[in-house]
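Down below is the structure, laid out as structure tokens.
What follows draws every value from the coordinates through simple rules; no lab data is involved. Remember, predicted model here, so these are calculated numbers, not experimental data. Cβ atoms come from the backbone with ideal geometry, glycine included; neighbour counts cover every protein chain shown.
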Amino acid sequence: MSGPITNIAGYRFVDLDDRDRLQSVFRSLCADLGLKGTILLAPEGINFFLAGPAASLDGFTRFLEDDERFQGIPVKTSFTQYQPFNRMNVRKKTEIISVGLDHIRPADATGAEIEPKAFKAMLDQGEPVHVLDTRNDYELRVGTFENAIDLNIRTFRAFPEAIKRLPEAMKDEPIVMFCTGGIRCEKASAIMMEAGFRNVKQLKGGILGYFEEVGGDHWDGDCFVFDQRVAVNPALDETEVVVCFACREPLSKDEQASSDYVVGVSCPYCIDRVNVVPISDE
């Protein structure tokens, strides 16, 4: 496959009671279109990351528009000089973003969205707000918003317990939460509302949407992504961050220069570990 590869990502929380049928349909469609990536189907919705020729991805999005449940799904687009996925997977899951709380239904109620430009203006003006990073600890090491709250969680499944450690006063104070593309903070907002937080907003489009609309103001570092690019900068260009093949931790250029980093063997984060638990995609 020659020339730039188009990458798209999108999701929607919506009731899906026909996952078996959709799995078969999407498998056939993506095979016919020559696409690679992942589509997750759960009772709570759909989540997809796909790459291939632009015309093929146009065919995929046109297919989505034929189903009223998927009409108007916001799709993020980026480009690479190579195919970032090895195969095409269409998987059925209990949740499209795993947290282990079956009763949480983002399709019914979530925190209000805040547009990237409005969020930037809030930060520019120094308005009082708690900026809450809902991502995993290794993602924060790559980059995050200035003064963002770090919940120090290894996976999103730890989020419900982590917010119990936040000060009680925060339940009445303004909070803007964010994640890579919006899916985690949308579900996280529903969890926080159930826990009694009354002034919760979610950054529309997540970090990548912010980069697209306003650039890197108030951001420190790069943004970790769950594909072969590993991380992108505010211009959405791939950076020099790599992952350790042994433990899957992201490594900066300086960390790659460490004597503890041996490709395929170890890095500063796993050199002393007896039992390395690789990073998952949650």
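Values as computed for the structure displayed
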read-out	value
Length-normalised contact order of the chain in % [C-alpha pairs under 8 Å, at least 6 apart]	15
Per-residue [θ]222 nm for the chain (sum of -39500 (n - 2.57) over DSSP H runs n ≥ 4, rounded to 500)	-7000 deg cm²/dmol
Over the chain - Rg/Rh using Cα atoms and the Kirkwood inverse-distance radius	0.96
5 angstrom amide H check on His130, placed H, neighbours 5+ away	Ile175, Val176
Packing-based exposure ordering (other Cβ within 10 Å, fewest first) of Ile207, Ile96, Ile271	Ile271, Ile96, Ile207
Percent RCO, i.e. relative contact order, over the range 1-113, from Cα pairs under 8 Å lying at least 6 residues apart	39
Sequence-separation-based contact order of the range 174-267, relative, with Cα cut under 8 Å and 6+ spacing, percent	18
Spin-label pair Ser24/Glu173, simplified geometry with 7 Å Cα→Cβ offset, distance in nm	5.4
Under 19 Å between alpha carbons - lysine pairs in the chain that sit 8 or more apart or on different chains	18
